[in-house]
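Shown next, in C-alpha cells, is the structure this report addresses.
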Ligand code: SAM
Ligand code: SF4
C-alpha cells in the first residue's frame, strides 16, 4: 500500500522493531523478586538493561519491591549525573498543523484553536524576554505544516542565536518538530541545532492508528519511528525520543522506549541523547478515554525504571507536571527540566498568570517563574545548570559519552555548571535565590579537591562576579 510519504527515503536501519507479541509476552510474566534484584544489580553497574530485565522491573508492583527500585534509581542518578539539573524552556513558534492528533489542541479539526506563527520580530521579542529571565537553552516547537519547512526552521534557529539582550544569549537551540527526510535534517543541523526531538507518542500500533486518523503525515507509524535514525544519518547526533503517557498501557510504552533506544545504539553506536515521558494533559476540546491514565505513583515508577534501564540517557521531566510531583520525580533519575515555561504563542511577553486552553497545546502543571524553580532546586541540594559546553566543543554523539569517561563530571560538568549558575546568580537571581546559590557554590567548591583545576574555577567565578566576562566554559 502506498503512503503519503513513501517517496522519501527511510534510514539504512529502517525496520518496525516493535514486536508486540514479544513485548506482550514479557509483560504477561508474573512478578519475580529475584529477577528484579538481578536487574537492579546490573543497572547499578551502569549497564543498559535488556527487555527481559526491564520487563522484570515493570512487573514489580509490590510496595517494598517498588521501594527497592526507587532507591536504586536515586543512587544511580547520583552516581552517573551527580546533583546537576539542566534547565531549558520551550518556545512555540507556530501552531498550524495538517495532522489531526486526537490528544492535541493544535489538531487541524479543532476550530477553537487560535492559529498563529510568530514573525521574525515576534520571535526575537520572545527570545529577548527569555534571555532577560536567564534562559540559555531553549527548544523551539512547531506544528507539522508545509510552512514549517526545514529552511524555515533553520531560519528560526539562526534568528534565535542572533538575539542578545544585555548579557543574555541563547547558547543551545533544540527542536521539537515533525519528522524530516535526510536532506531536511541536514538543513537544520547546519543551522547549529542541539537535539532534534521527536516523540513516537505511542509504540502500540492499533492505538497509534486510532489517535492519528486519516491520511495526515503523522498517520505513517514507520516514517515517524524511523525519523531519529534518519536524523543521525544526516549528522544530528543528539536526538531525543519520547512517548506520550496516557494513550496506552505505560508498561508497554516503557518497553517501546527501551526498544527504540536499543535499536539506535545497535545501529549507530549511540542511543538517544534524551528520553521524554510527557503525561497527557487537558487540552482544548480533547476528550479521550481515561483507561490508560497514569496515576502519580505509577508515573514515578516509570521514571525510576527508565533511569535504571538506560543509565546514560538523559531523562527530561517537563512542566506538564505539578511542582510537588516534579520535586519527587527529580530525585528518581531526571537530568533535565524546563522551568519558567509558557506554551502560548507569544506567551513570554503576552501571557498573564492564567492559561487559556484555546491558545495553547495543553495545560501546564507548573508555571512558576524560573527564579522560583531555581531557588527550590538550590534549597533541595541540586546545582541548576545552563551548561552547553559539550555541544559547543563538539563533544556529542557516537565518539563521546560524557558519563562513561571516568572523572568527567568532576573535571568538566561541575565547573561548567557552577560557572553558568554564577552567571545566573549575578545577572538574574532574586535575593533568596542569590543567597541559596552562593551557599550552594561554596558547598560544591568545598567538595572539589585542591589544585589547579579548583583554582582555575575560582578564578572564573571571580571574573563572572566582578566583570562583564561571560560564557567561561571548559
Ligand atoms: N508537531 C510536532 C509533533 O507532533 O511531533 C511537534 C511536537 S508537539 C507540538 C509536542 C509534543 O506535545 C507532542 O509530540 C506530544 O507528545 C505532546 N502533546 C500533544 N498534546 C498533548 C497533551 N494534550 N498533553 C501532553 N502532551 C501533549
Ligand atoms: Fe500537530 Fe504535533 Fe499537535 Fe499532532 S501533536 S496535532 S502533529 S502539533
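Computed from the coordinates by the stated procedures, all read-outs in this text should not be read as laboratory data. Model, not experiment: these values are computed from the prediction. Cβ coordinates were reconstructed from backbone atoms using ideal geometry, including for glycine residues, and neighbour counts include every protein chain displayed.
Things to note:
- Per-selection Kirkwood Rh - the range 14-70 (Cα, Å, 1 d.p.): 12.0 Å
- The range 202-329 shape via C-alpha gyration tensor axes, a/c threshold 1.5: oblate
- Using a cutoff of 8 angstrom between alpha carbon atoms and counting only pairs six or more residues apart, the relative contact order for the chain works out to 19 percent.
- Computed over the range 124-209: relative contact order in percent, which uses C-alpha pairs under 8 Å that are six or more apart: 34 percent
- Ranked list, fewest to most other Cβ atoms within 10 Å of each Cβ, for 58, 163, 310: 163, 310, 58
- With the highest mean first, a sort of the peptides 324-333, 237-246 on other beta-carbon atoms found within 10 angstrom per residue produces 237-246, 324-333.
- Taking 422, 374, 44 and counting other C-beta atoms within 10 Å, the order from fewest to most: 44, 422, 374
- The rule of thumb for compact globular proteins, 2.2 N^0.38 Å, goes into the C-alpha radius of gyration of the range 58-207 1.29 times.
- Alpha-carbon centroid distance for the pair the range 277-329 / the range 246-271, whole angstrom: 16 Å
- Shape call, the range 416-464: gyration tensor on alpha carbons, a/c limit 1.5: oblate
- Ordering of 289-301, 254-266 by packing is 254-266, 289-301, highest average first (other Cβ atoms within 10 Å, averaged per residue).
- Using just its DSSP H runs of length 4 or more, each adding -39500 (n - 2.57), the chain gives a mean residue ellipticity at 222 nm of -13000 deg cm²/dmol after division by all residues.
- For the chain, share of DSSP beta bridges that run antiparallel, in % to the nearest 5: 10 percent
- Alpha-carbon centroids, the range 134-205 and the range 210-225: separation in whole Å: 21 Å
- Per-bin percent of Cα-Cα distances, the chain [20 Å]: 24, 60, 15, 0
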